[in-house]
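Here the structure comes first, spelled out in structure tokens, and everything after it is commentary.
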Amino acid sequence: MSIELQKLATDIALQAGELIYRRRREGVTVAATKSSAEDVVTLADRESEDLIRSLIADARPGDGFYGEESEATRSDSGITWVVDPIDGTVNYLYDIPNYAVSIAVIEGDPDPLTWTALAATVTNPAAGETFSAARGTGATLNGTAIFANTDVVPSLAMVGTGFAYSAERRVWQAGIVQQLIGQVRDIRRMGSAELDLCSVACGRLDAYYERGLNPWDHAAGALIAEEAGAQVGGLNGARASRDFTLATAGGLFDPLHQLLIEAGAEASVLG
Ligand code: LIP
């Protein structure tokens, strides 16, 4: 079943990718702001989610839906679709070609601490790149198998991270980067958690970490990274979640986890 779900997720993601790319060329309209003035939602975010939702409802009416821009629907089938209609919305607004439609299919409650991810697709229409995976079958980029890096030491690790829509949280996150940046090869901030996780999956990054992600910001990319051989989790043995998401090349997870702990990543200043 995971492979059928992967095919459907990919087909739907590509249709939504075409829509958002077309809207990007036509001009982007900000529809509203959410948690802060920096946290915008565009008309294209909403259009993309409406399209994805209706295509899923047509194909699998009993499944649940858990998306960034609309009310969740409980599942009757045990399967739920976790959707970010445009991950990297601020990049999208600025026409920075690093944004994606992200679709994950999970079993269980839409909670990263308990769900089982079955299939996932992340498509970046501006780059013509589609990352995908089904549980137990590996990960691909445009149909070709991809693999995370291995045997990377922290001092030579290319590390991706991100910053929140809250100024207080960004200042705290910058403090962690300040502690870390002298102990790794370099830091990249590319503006889309899902594409950052896919970058770990294909070896463009050796690691990615962020605190404060919503489930739809990491659901698909986490499965794609794991299926490509990366290690994905949270702090202190926890699963990846809003509290913390860390994905690394093989062998790098524990040493980088230690550096993050020493840098203060556990701090509960943000509650
Ligand atoms: C974004 C993430 C990014 C994070 C931003 C935001 P959005 O998701 O992809 O990693 O740093 O704060 O959460 O809002 O574009 O779906």
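The values are calculated or read from the model by the stated rules, or taken from the named source; none is laboratory data. Just so it is clear, the model here is predicted, and its values are computed rather than measured. Glycine also receives a Cβ, built like all others from the backbone with ideal geometry; neighbour counts cover every protein chain displayed. With ligands, DNA and RNA removed, areas are computed over all heavy atoms of the protein, side chains included. Shrake-Rupley method; radii C 1.70, N 1.55, O 1.52, S 1.80 Å.
Determine whether the stretch 215-227 contains at least one residue that is within 12 Å of the ligand (Cβ to nearest atom) and in a loop (DSSP other than H, G, I, E, B).
No, the stretch 215-227 contains no residue that is within 12 Å of the ligand (Cβ to nearest atom) and in a loop (DSSP other than H, G, I, E, B).
Which one is surrounded by the fewest Cβ atoms within 10 Å (Cβ to Cβ) among residues in the stretch 52-72 that are closer than 22 Å to Pro112 by Cβ and hydrophobic (A, V, I, L, M, F, W, C)?
The extreme case among them is Ala72.
Suppose we filter Thr123, Thr42 for residues that are within 16 Å of the ligand (Cβ to nearest atom) and either in contact with a helix residue (DSSP H, G or I) (Cβ under 6 Å, 6 or more places away or on another chain) or charged (D, E, K, R) (or both); which single one remains?
Thr123
Check Ser155 against each of (1) more than 16 Å from the ligand (Cβ to nearest atom); (2) over 15 Å from Ala247 (Cα atoms); (3) in contact with a helix residue (DSSP H, G or I) (Cβ under 9 Å, 6 or more places away or on another chain) and name the one condition it does not meet.
All conditions pass for Ser155, except number (3).
Give the number of residues within the stretch 214-226 that are under 18 Å from Trp81 (Cα atoms) and open to solvent by 10 Å² or more (accessible area, probe 1.4 Å).
5
With respect to Ile96, is the statement that it is more than 28 Å from Leu113 (Cα to Cα) and part of a loop (DSSP other than H, G, I, E, B) true?
yes
Quickly run through the stretch 195-209 and pick out the residues that are among the charged types (D, E, K, R) and surrounded by 22 or more Cβ atoms within 10 Å (Cβ to Cβ).
Asp196, Asp206
Provide a single number: the residues in the stretch 77-100 that are within 12 Å of the chain's Cα centre (by Cα) and either open to solvent by 40 Å² or more (accessible area, probe 1.4 Å) or within 11 Å of the ligand (Cβ to nearest atom) (or both).
8
Among the residues of the stretch 256-267, are any over 22 Å from Gln178 (Cβ atoms), at pLDDT 95 or above and either in contact with a Ser or Thr (Cβ under 9 Å, 6 or more places away or on another chain) or open to solvent by 10 Å² or more (accessible area, probe 1.4 Å) (or both)?
Looking through the stretch 256-267, none of the residues is over 22 Å from Gln178 (Cβ atoms), at pLDDT 95 or above and either in contact with a Ser or Thr (Cβ under 9 Å, 6 or more places away or on another chain) or open to solvent by 10 Å² or more (accessible area, probe 1.4 Å) (or both).
Which of the strands (runs of 3 or more DSSP E) found entirely inside the stretch 112-173 contain at least 1 residues meeting this: exposed (fewer than 13 other Cβ atoms within 10 Å of the Cβ)?
It comes to 116-124, 144-146.
Test Thr161 against the criterion of being away from the ligand (no atom under 16 Å from the Cβ) and among the polar types (S, T, N, Q), and give yes or no.
No, not satisfied.
Out of curiosity, is Arg74 more than 20 Å from the chain's Cα centre (by Cα), within 23 Å of Asp196 (Cβ to Cβ) and not aliphatic (A, V, I, L, M)?
Here the answer is no, as Arg74 does not meet what is asked.
Failed condition for Ala31, given (1) free of Cβ contacts under 8 Å to residues at least 60 places away in the same chain; (2) touching a Leu at 6+ places or on another chain (Cβ under 8 Å); (3) closer than 15 Å to Trp216 by Cβ, with all others met?
Checking Ala31 against (1) free of Cβ contacts under 8 Å to residues at least 60 places away in the same chain; (2) touching a Leu at 6+ places or on another chain (Cβ under 8 Å); (3) closer than 15 Å to Trp216 by Cβ, the one that fails is (3).
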